[in-house]
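The next block holds one structure in the form of structure tokens; read it before the comments.
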Amino acid sequence: MDWHSLSEVDYVREATICICSSQMRFEIAEAAGNRVAQMESLKQRNFYSSITTLQEMEKIFDNPFDVNINGKARNIRPRFKNRYFFYLSQTFQAFASNNLSFSTILSSATTSKNARYALTRNVVGFGPKQASLFLRRIGFSNDLAILDTHILDYLQIARNIRPKLSMLSNLCVYEKIENEFANIASEFNHIVGTVDLAVWITMRVAKKEMAL
């Protein structure tokens, strides 16, 4: 994607996917993002401050999502639906109160790390990983690492780094580990985003083969 060409609704969709994907399969998170983006209330100009938007959003997770997982059509009711509504509704209300939007946050950011910091401060449900994934998906930056379990398992093998997942919500800790991964990426002579994706795919496949 080219973040300059995306609408505010596009950003809302991507943010929803990134928030939900931390607790549910990506296919379900993507379905949630699509459903949020299709809300009628988002056609309003100032939808962040609209009560109608919150009322419509509250119903988003009440119905099952039709998703395709490993080639099989499934009808799945999302878990933790109240949590996701809380994250999104709190973000919308904070944006409305502070005259913010994803567009203004991104446009005012001078670096990718600056954008990530601003997102983690203003988007409820965004930790460093979710904010990094958001920036990667919209095409804002490809130099931030998405430290999920696959990457962390690789870092344990490659650098004997074993951080607790709970510690990664701290941005300083996250960036310290991210710098270690950046050093590995430089050894491959590629940017962080490229090596991050390659390692993620490799570790995911390796785990599946080990399970078999």
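The values are calculated or read from the model by the stated rules, or taken from the named source; none is laboratory data. These numbers come from a predicted model, not from an experiment. Don't worry about glycine lacking a Cβ; one is built from the backbone with ideal geometry, like all the others, and counts go over all protein chains shown.
Determine if region 124-138 includes at least one residue that is of a type in the set (Val, Ile, Thr), closer than 20 Å to Ser89 by Cα and either surrounded by 23 or more Cβ atoms within 10 Å (Cβ to Cβ) or in contact with a helix residue (DSSP H, G or I) (Cβ under 9 Å, 6 or more places away or on another chain) (or both). Walk me through how you get there before you give the answer.
Filtering region 124-138 for residues of a type in the set (Val, Ile, Thr) gives 124, 138.
Then drop every residue that is not closer than 20 Å to Ser89 by Cα, which leaves 124.
Keeping just the survivors that are either surrounded by 23 or more Cβ atoms within 10 Å (Cβ to Cβ) or in contact with a helix residue (DSSP H, G or I) (Cβ under 9 Å, 6 or more places away or on another chain) (or both) gives 124.
Within region 124-138, one or more residues are of a type in the set (Val, Ile, Thr), closer than 20 Å to Ser89 by Cα and either surrounded by 23 or more Cβ atoms within 10 Å (Cβ to Cβ) or in contact with a helix residue (DSSP H, G or I) (Cβ under 9 Å, 6 or more places away or on another chain) (or both).
From the list Ala32, Ala15, pick out the single residue that is at pLDDT below 95, among the aliphatic types (A, V, I, L, M) and out of contact with any strand residue (DSSP E or B) (no Cβ under 6 Å at 6 or more places or on another chain).
On the way: Ala15 fails: at pLDDT below 95.
Every option except Ala32 fails the conditions.
Look at region 92-111 and say how many of its residues are small (Gly, Ala, Ser), surrounded by 15 or more Cβ atoms within 10 Å (Cβ to Cβ) and either over 17 Å from Cys18 (Cα atoms) or out of contact with any Phe, Trp or Tyr (no Cβ under 8 Å at 6 or more places or on another chain) (or both).
Adding up the residues that qualify gives 3.
How about region 89-122: which of its residues are within 19 Å of Glu178 (Cβ to Cβ) and either touching a residue at least 40 places away in the same chain (Cβ under 8 Å) or not aliphatic (A, V, I, L, M) (or both)? Quick ask: steps written out before the conclusion?
At the first step, the residues of region 89-122 found to be within 19 Å of Glu178 (Cβ to Cβ) are 109-121.
Answer for region 89-122, where residues must be within 19 Å of Glu178 (Cβ to Cβ) and either touching a residue at least 40 places away in the same chain (Cβ under 8 Å) or not aliphatic (A, V, I, L, M) (or both): Thr110, Thr111, Ser112, Lys113, Asn114, Arg116, Tyr117, Thr120, Arg121.
If you take the residues in region 46-73 that are more than 19 Å from Ser89 (Cβ to Cβ) and among the charged types (D, E, K, R), which one is surrounded by the fewest Cβ atoms within 10 Å (Cβ to Cβ)?
Lys72
Let me spell it out: the conditions are (1) at pLDDT below 90; (2) aliphatic (A, V, I, L, M); (3) assigned to a helix (DSSP H, G or I), and Ala73 meets all of them except one. Which number is the exception?
(3)
Does Ile76 meet the test of being farther than 22 Å from Gln130 by Cα, of a type in the set (A, V, I, L, M, F, W, C) and in contact with a Pro (Cβ under 7 Å, 6 or more places away or on another chain)?
Working: farther than 22 Å from Gln130 by Cα: yes; of a type in the set (A, V, I, L, M, F, W, C): yes; in contact with a Pro (Cβ under 7 Å, 6 or more places away or on another chain): yes.
When the stated conditions are applied, Ile76 passes them.
Would you mind finding the one in Thr120, Thr91, Thr110, Thr104 that is more than 27 Å from Ala206 (Cβ to Cβ), under 12 Å from the mean Cα position of the chain (by Cα) and among the β-branched types (Val, Ile, Thr)?
Working: Thr91 fails: under 12 Å from the mean Cα position of the chain (by Cα); Thr110 fails: under 12 Å from the mean Cα position of the chain (by Cα); Thr104 fails: under 12 Å from the mean Cα position of the chain (by Cα).
None of the other options fit; the residue is Thr120.
Looking at region 142-174, which of its residues are under 16 Å from Leu119 (Cα atoms), buried (at least 20 other Cβ atoms within 10 Å of the Cβ) and of a type in the set (Ser, Thr, Tyr)?
Within region 142-174, Tyr174 is the sole residue that qualifies.
When you scan region 164-179, do you find a residue that is among the charged types (D, E, K, R), farther than 17 Å from Trp200 by Cα and part of a loop (DSSP other than H, G, I, E, B), even just one?
Yes, region 164-179 has at least one match.
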